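The values are calculated or read from the model by the stated rules, or taken from the named source; none is laboratory data. None of the values given here were measured: they were computed from a predicted structure. Positions of Cβ are generated from backbone atoms using ideal geometry, with glycine treated the same way; all protein chains shown enter the neighbour counts.
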Amino acid sequence: MNVWIIEDEDTAARRLEKLIREIDPQIQVGARMDSILGTLEYLEKNKLPDLILLDIHLADGASFEIFNHANIEKPIIFTTAYDQYAIQAFKVNALDYLLKPIKKAELEKALEKYRNWNKKPSISYEEIARLMQPEKTSRRFLIRIGQRIQLVDIKDAAYFYTDQKITFVVNWDGKRYPLDHSLEALEEMLDCQEFFRINRQFIVHINAINEMYAYSKSRVKLDLKPVCDIHTVVSTERSPHFKRWLEGGIE
């Protein structure tokens with residue numbers, strides 16, 4: 001059996017590969033990718049494997065975007081830190097859906113499910129992508145400030161950031177509100193064409209970028225609007241994806 005691992009966290013990818021070897025040394029991990037773009041480029045030159053382990057969120061966006069650019073008729077085991085897509089995944093017959101941190105016994109069951117799966121997949125991954133995409137047009141945040149409760153719509157968000165382990169949203173008027181969501185959860189909710197996670201601390205809307213400056217190690221420094229007092233630099237690993245995102249790529 002030939003398996004691909006598509007996972008943007010190196011530690012998680014190495015752990016998956018280790019678990020696979022422990023479960024069945026005969027399984028070959030033929031490739032590891034960490035992004036939508038890297039996967040699509042690899043697909044252009046290589047045949048699909050027997051099975052794909054696919055993280056839902058990759059370095060350059062939601063992995064569902066892959067299905068908009070490539071025809072993948074192979075079983076997929078979805079891997080993610082979030083459980084909100086599980087029901088939709090099973091409705092469209094995804095082979096399995098594993099929550100991180102992935103346990104050896106659960107992965108072993110998923111691989112056994114593949115071995116018992118001996119027919120051509122009746123899986124529409126385009127339909128999975130459609131069902132799993134968050135509803136963006138009416139998404140709002142319910143925020144409590146003391147005794148006051150306020151709604152903030154995603155369309156009013158200029159950028160999100162963390163400070164002292166608290167996540168904040170800043171709207172276009174420069175007002176800041178605390179959120180109960182992590183940046184990882186926000187990445188799953190936001191439109192990857194409009195928002196980009198530039199580093200561990202910030203997710204920015206494309207229209208919130210006021211100025212950009214060359215920085216060390218091929219990185220980019222951003223001046224945001226509304227003005228942000230925190231140093232905002234695109235991380236080294238995200239810089240190539242950021243530049244393609246600016247150009248209107250698939251990130």
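Need the failing condition index for ALA94 against (1) modelled with pLDDT of 80 or more; (2) assigned to a loop (DSSP other than H, G, I, E, B), just the number.
(1)
Which residue out of ASN210, ASN199 is on the phi < 0 side of the Ramachandran plot, at pLDDT 90 or above and surrounded by 14 or more Cβ atoms within 10 Å (Cβ to Cβ)?
On the way: ASN210 fails: surrounded by 14 or more Cβ atoms within 10 Å (Cβ to Cβ).
Only one candidate qualifies: ASN199.
With respect to the numbered conditions (1) surrounded by fewer than 16 Cβ atoms within 10 Å (Cβ to Cβ); (2) at negative phi; (3) more than 18 Å from the chain's Cα centre (by Cα), which one is the sole condition not fulfilled by VAL152?
Answer for VAL152: the failing condition is (1).
Could you count how many residues in region 31-41 are touching a strand residue (DSSP E or B) at 6+ places or on another chain (Cβ under 6 Å) and in a helix (DSSP H, G or I)? Talk me through it step by step, then tell me what you get.
Of all residues in region 31-41, those touching a strand residue (DSSP E or B) at 6+ places or on another chain (Cβ under 6 Å) come to 31-33, 35-36, 39.
Narrowing the set further to residues that are in a helix (DSSP H, G or I) leaves 36, 39.
Qualifying residue count for the region: 2.
Report yes if ASN68 is modelled with pLDDT under 80 and touching a Pro at 6+ places or on another chain (Cβ under 9 Å), otherwise no.
Against the criterion (modelled with pLDDT under 80 and touching a Pro at 6+ places or on another chain (Cβ under 9 Å)), ASN68 does not qualify.
If you check GLN201 against the conditions, is it polar (S, T, N, Q), touching a Phe, Trp or Tyr at 6+ places or on another chain (Cβ under 7 Å) and closer than 21 Å to VAL152 by Cβ? Lay out the reasoning, then the answer.
On the way: polar (S, T, N, Q): yes; touching a Phe, Trp or Tyr at 6+ places or on another chain (Cβ under 7 Å): yes; closer than 21 Å to VAL152 by Cβ: yes.
So GLN201 fits the description; yes.
Would you confirm whether any residue within region 205-215 is among the β-branched types (Val, Ile, Thr), out of contact with any Ser or Thr (no Cβ under 8 Å at 6 or more places or on another chain), outside any loop (DSSP other than H, G, I, E, B) and within 17 Å of ALA157 (Cα to Cα)? I'd like the intermediate steps shown before the answer.
The first filter runs over region 205-215 and keeps only residues among the β-branched types (Val, Ile, Thr), leaving 206, 209.
The next check asks that each one be out of contact with any Ser or Thr (no Cβ under 8 Å at 6 or more places or on another chain); those that pass are 206, 209.
Filter once more, so that each one left must be outside any loop (DSSP other than H, G, I, E, B): 206, 209.
Okay, now just the ones that are also within 17 Å of ALA157 (Cα to Cα), so 206, 209.
Checking region 205-215: at least one residue is among the β-branched types (Val, Ile, Thr), out of contact with any Ser or Thr (no Cβ under 8 Å at 6 or more places or on another chain), outside any loop (DSSP other than H, G, I, E, B) and within 17 Å of ALA157 (Cα to Cα).
Applying the selection to region 158-185, what residues are charged (D, E, K, R) and modelled with pLDDT of 90 or more? Walk me through how you get there before you give the answer.
Within region 158-185, the first condition is being charged (D, E, K, R), and the residues that meet it are 163, 165, 173, 175-176, 180, 184.
ASP163, ASP173, LYS175, ARG176, listed by residue number.
Search region 1-30 for residues being part of a helix (DSSP H, G or I) and free of Cβ contacts under 8 Å to residues at least 40 places away in the same chain, and hand back the single one that is farthest from LYS47 (Cα to Cα).
First, the residues of region 1-30 that are part of a helix (DSSP H, G or I): 10-23.
Filter again for free of Cβ contacts under 8 Å to residues at least 40 places away in the same chain, leaving 10-11, 13-14, 17-18, 21.
Working: ASP10: 23, THR11: 26, ALA13: 21, ARG14: 22, GLU17: 20, LYS18: 23, ARG21: 22 Å.
Per the stated criteria, the residue is THR11.
What number of residues within region 38-58 satisfy the criterion of being in contact (Cβ under 8 Å) with a residue 40 or more places away in the chain, closer than 28 Å to GLY248 by Cβ and touching a helix residue (DSSP H, G or I) at 6+ places or on another chain (Cβ under 7 Å)?
6
Give region 201-251 a look and list any residue that's among the charged types (D, E, K, R) and under 18 Å from the mean Cα position of the chain (by Cα), or say none.
Within region 201-251, the subset among the charged types (D, E, K, R) is 211, 217, 219, 221, 223, 225, 229, 237-238, 243-244, 247, 251.
Matches in region 201-251: GLU237, ARG238, LYS243, ARG244, GLU251.
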